[in-house]
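Since the structure comes first, as structure tokens, the remarks are kept for the end.
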Amino acid sequence: MSAKIIDGKQVAKDIREEIRLEVEQLKRSGVQPGLAVVLVGEDPASQSYVKAKAKACEEAGIYSRVIRKSEAITEQELLKLIQELNEDELIHGILVQLPLPKHISEDAVIQAIHPEKDVDGFHPINVGNMVIGAPCYLPCTPHGIIELIKRTGTSISGKHAVVVGRSNIVGKPVSMLLLQENATVSVCHSRTPDLGAITRQADILVVAVGKANMIGADHVAPGAVVIDVGVNRVEGNKLVGDVCFDEVKEVASFITPVPGGVGPMTITMLLKNTVEAAKLKRIQEKQEA
Ligand code: NAP
Ligand code: L37
């Protein structure tokens with residue numbers, strides 16, 4: 001049996017059209033959602049993601065401001081920039097593209113972003129609210145993953161979800177969201193001794209490691225839903241995921257491709273959070289008036 005391919009690009013397109021209509025309506029009521037994206041240094045992958053984020057904003061009618069800073073910027077200067085963006089009336093969402101250069105503390109920078117403008121959902125207040133199931137900005141990639149799983153028609157409740165990777169950006173938060181959806185969740189990482197023994201138990205397998213083709217057909221149970229978060233450049237500048245797509249698609253029931261799977265959803269959820277931030281501010285202003 002060959003798996004159904006989850007077309008993240010198409011799902012993202014559909015949701016972005018809904019967002020575009022919502023932005024049109026907001027603009028008519030006098031508010032244009034605005035996003036600031038801060039990019040430090042010259043990392044080619046980050047540059048391409050930031051470009052894609054700005055383009056997606058433009059297509060949705062969201063005001064976007066990309067602020068590029070040299071690798072040489074000090075932590076103090078970056079914190080000052082964030083303070084200015086916190087106070088900027090045109091900006092509802094602030095995203096600092098990670099990773100940052102080693103001399104800058106990512107924690108300090110994330111904590112400097114006002115939680116109400118933290119559309120990445122990385123501020124400890126948003127992370128804490130996510131964990132207790134309170135209202136918050138959900139981190140973009142994990143939120144996109146849940147949306148993709150739901151759109152396959154798979155019910156998450158009661159399933160065994162296995163997540164490979166435990167980063168703060170993907171592995172940990174997606175594990176929490178799957179738990180909130182009533183999955184039984186296992187989280188694997190580099191110290192997991194027999195990875196295959198765990199991943200073969202998965203009804204839903206989410207892989208976020210960053211190692212090309214590390215998950216083969218022998219890691220996957222027949223009929224599993226497989227979400228490949230990895231984005232790896234291999235020889236000839238080809239883009240591949242963490243999952244051997246050609247092999248695993250013969251075993252899984254659903255699988256996301258790379259490119260065209262999770263990536264486009266990450267950007268879509270960012271747009272969604274930015275619109276939420278603008279709506280929230282408008283509500284606050286109405287209450288104050
Ligand atoms: P990360 O911070 O490098 O974390 C990688 C995780 O994988 C770590 O938890 C690590 O374990 C674990 N790991 C490493 N080797 C392993 C092994 N052999 N077996 C099991 N686990 C292993 O990466 P990340 O930021 O989560 O990103 C992961 C991948 O997703 C990257 O390719 C990245 O480019 C991609 N990504 C894609 C999107 C998207 O929108 N498509 C968004 C974000 C990231 P330890 O904790 O023990 O070190
Ligand atoms: N929100 N996301 C947020 N904040 C960060 O600090 N680092 C980071 C982050 N990660 C991120 O932006 N990842 C990401 C990865 C892939 C895409 C977008 C964002 C993406 O669009 N991928 C396309 C292919 C892109 C390409 O051709 O290079 C895809 O189809 O997968």
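Of the residues that sit in the range 40-53 and are surrounded by fewer than 21 Cβ atoms within 10 Å (Cβ to Cβ) and within 13 Å of PRO101 (Cβ to Cβ), which one is farthest from ligand 2 (Cβ to nearest atom)? Taking the candidates together, the pick is GLU42. Among the candidates VAL234, VAL258, VAL174, the residue that is among the hydrophobic types (A, V, I, L, M, F, W, C), surrounded by fewer than 16 Cβ atoms within 10 Å (Cβ to Cβ), at negative phi and in contact (Cβ under 8 Å) with a residue 12 or more places away in the chain is uniquely VAL234. Taking the range 196-289 as the region of interest, the strands (runs of 3 or more DSSP E) fully inside it that hold 3 or more residues being at pLDDT 95 or above and closer than 20 Å to THR152 by Cβ are 204-207, 225-228.
Residues in the range 1-22 that are assigned to a helix (DSSP H, G or I) and more than 13 Å from ligand 2 (Cβ to nearest atom) were compared, and the one that is nearest to the chain's Cα centre (by Cα) is ILE15.
For the range 150-165, taking the residues that are surrounded by fewer than 18 Cβ atoms within 10 Å (Cβ to Cβ) and within 17 Å of the chain's Cα centre (by Cα), the one that is farthest from ligand 2 (Cβ to nearest atom) is identified as LYS150.
With respect to VAL234, determine if the residue is near ligand 1 (Cβ under 10 Å from one of its atoms) and in contact with a strand residue (DSSP E or B) (Cβ under 6 Å, 6 or more places away or on another chain). Spelling it out, it is not the case that VAL234 is near ligand 1 (Cβ under 10 Å from one of its atoms) and in contact with a strand residue (DSSP E or B) (Cβ under 6 Å, 6 or more places away or on another chain).
Taking the range 184-207 as the range and being crowded, with 22+ Cβ neighbours inside 10 Å and either out of contact with any Leu (no Cβ under 9 Å at 6 or more places or on another chain) or in contact (Cβ under 8 Å) with a residue 40 or more places away in the chain (or both) as the test, the residues that pass are ALA202, ILE204, LEU205, VAL206, VAL207. Only one entry in ALA289, ALA224, ALA252, ALA278 is aliphatic (A, V, I, L, M), in contact with an Asp or Glu (Cβ under 7 Å, 6 or more places away or on another chain) and more than 16 Å from ligand 1 (Cβ to nearest atom), namely ALA224.
The values are calculated or read from the model by the stated rules, or taken from the named source; none is laboratory data. Predicted model only: the values in this text are computed from it and were never measured. Backbone-built Cβ (ideal geometry, glycine too); neighbour counts: all protein chains shown.
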